[in-house]
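Here is the structure we will look at, set down as structure tokens.
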Amino acid sequence: MLNLKEVIFSITNRCNLRCKMCDIPSGVVAELSTEQWKDVIKDASRLGAQTIVFSGGEPLLREDIYELIAFARKNNLSACVTSNGYLIDERTALKLSEVKVNVVNVSVEGARQTHDFLRGAGSFDKAISALNNLKKYKIESTVAATVSKYNYKDMLYILEIARGCGATTVRLQPFNSIFLKGNDRNGEFLIDKSDIPKLAELIKEFINLAREYGISVNPVEYLLKIPEYLSGKKFYPLTCGALWYSCPINPNGDLLPCWIEGADNKLIGNVKTERLYSLWLSKKRAKMINAIIKNGCKGCLMSCYDEAFTRKLLKESIAGNVRKIKKITDYQKVMNKILQLLRSQIIKLKLKYRFYSSYRGSFFGVLKRRLRGFLSRTRPLKQNKQGEKDFVFDQIEQAKKKLKKEINGL
């Protein structure tokens, strides 16, 4: 509950594009000021967060975006910007480099015809130009795609674009209706059940090609769920990290338990009237999250909790490798097989590390923030604040019960 990793700032609903799968720009609201966002950044650092993600709308429409990125870096946080790429000319890339942004996510939906159909005429060339400008100024880039009926056949092409432009990561996010005003257009982006095998095969090719190119992607188990999800099936993860480690805040300053639950107006509070530090440690937040877990969430396949899928896959992989080794009787062959498996796992770990470090920083940076966050959270306890004491003790008891349950299940 206390182990905050990522704070997502949707700093504006304004956008210079009108994408078919997103109605966010139609809901323009009052935005937090520069100083208000800085207060949130300071609290996020105090809580031991690793990353600030600046999203929107289009975050580069905020004139203070460079000031906010620099302030996040000054407070020992990694800074990630999610952009459509339209505004990232050479001058913008240079300014992003000067404020030491860690990574920039650029949306690419497929080939030119596909991308421009979904995001607007001329937007494809702007996105490619953005990736090349980021590469010129040695800024790490990620290619992000919203997978839907309209562009799933272009997934392999997206990998080629990433490879050609020097992007280290491709991050897929299946379409979700929370970005639309209503559900009346939801079916427009879903695939027919008869197309599931075709998409499943493309996903496997996507995974294999990414490995060949050395490009990091979402966890395999997560990617394999996309075909069924895009046909309308819901997934209800038992270990969703979004509620525990991710902290979404909308332009108006509302703190949500997660983007999906927040769509139902479930609000923890607002950072304009109460500090993020207090809201994150509040009993209200604890009760709301426990209620969501108890009653069940709405179900989604948002990429903010894709790490949860790696646990099941890791167990299956270990069990499968053990069975393979047991079948080999020759000692030398056993050793060769073990070395082969170790090399394979090291390569996968390197790709996974690159994928997540681009958002959360280096290992030692993460360790430093963890220690700072732990020390900052213990200070209120020394001041004998009974409310926060009760909250922490409650989380310790929950952790003990969870650990006992997992041990019994071994």
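Pairs of Cα atoms in segment 74-139 fall into 5 Å distance bins, from 0 up to the last occupied one, in shares of 4, 19, 28, 21, 13, 10, 4, 2, 0 percent. When only Cα pairs below 8 angstrom with a gap of at least 6 residues are kept, segment 1-155 shows a relative contact order of 22 percent.
So what is the diffusion coefficient of segment 13-64 in µm² per second by Stokes-Einstein at 20 °C and 1.002 mPa s, using a Kirkwood Rh over Cα pairs?
170 µm²/s
Per residue, segment 1-101 exposes 36 Å² of solvent-accessible protein surface, assessed with a 1.4 angstrom probe and all protein chains in place. Carbon and sulfur together cover what percent of the accessible area of segment 8-148 at a 1.4 Å probe radius? Carbon-and-sulfur percentage of accessible area, whole number: 48. For segment 49-124, applying the loop criterion from DSSP together with a ceiling of 10 other beta carbons within 10 Å to the GluC sites (Glu not before Pro) yields E63. Among V143, V29, the sequence by solvent-accessible area, most first, with a 1.4 Å probe is V29, V143. The listed residues S97, S107, once ranked by accessible area (1.4 Å probe) with the largest placed first, stand as S97, S107. The residues packed around D192, meaning those with a beta-carbon under 11 Å from its beta-carbon, carry a net charge of +2 if Lys and Arg are +1 and Asp and Glu are -1.
A 1.4 Å probe run over the protein chains yields, for segment 205-285, 40 Å² of accessible area per residue, whole-number rounding.
To the nearest 10, the accessible area of L4 is 0 Å² with a 1.4 Å probe. Local charge for L256 was computed over the other residues whose Cβ lies under 12 Å away, with Lys and Arg +1 and Asp and Glu -1, and equals -1. S123: net charge of surrounding residues, Cβ under 13 Å, Lys/Arg +1, Asp/Glu -1, itself excluded? With Lys, Arg at +1 and Asp, Glu at -1, the net is +1. Label-to-label distance, N16 versus N208, with points set 7 angstrom from Cα along the beta-carbon direction: 4.0 nm. Lys-Lys pairs in segment 179-258 that are eight or more residues apart or on separate chains and whose Cα atoms lie under 16 Å of each other come to 7. Applying both filters, DSSP loop and at most 12 other Cβ atoms within 10 Å, to the trypsin sites (Lys or Arg not before Pro) of segment 209-282 gives K234.
The values are calculated or read from the model by the stated rules, or taken from the named source; none is laboratory data. These figures come from a predicted structure and were not determined experimentally. FYI the Cβ positions are ideal-geometry reconstructions off the backbone, even for glycines, and counts take in every protein chain you see. Ligands, DNA and RNA are excluded from the accessible area calculation, which covers all protein heavy atoms including side chains. Shrake-Rupley method; radii C 1.70, N 1.55, O 1.52, S 1.80 Å.
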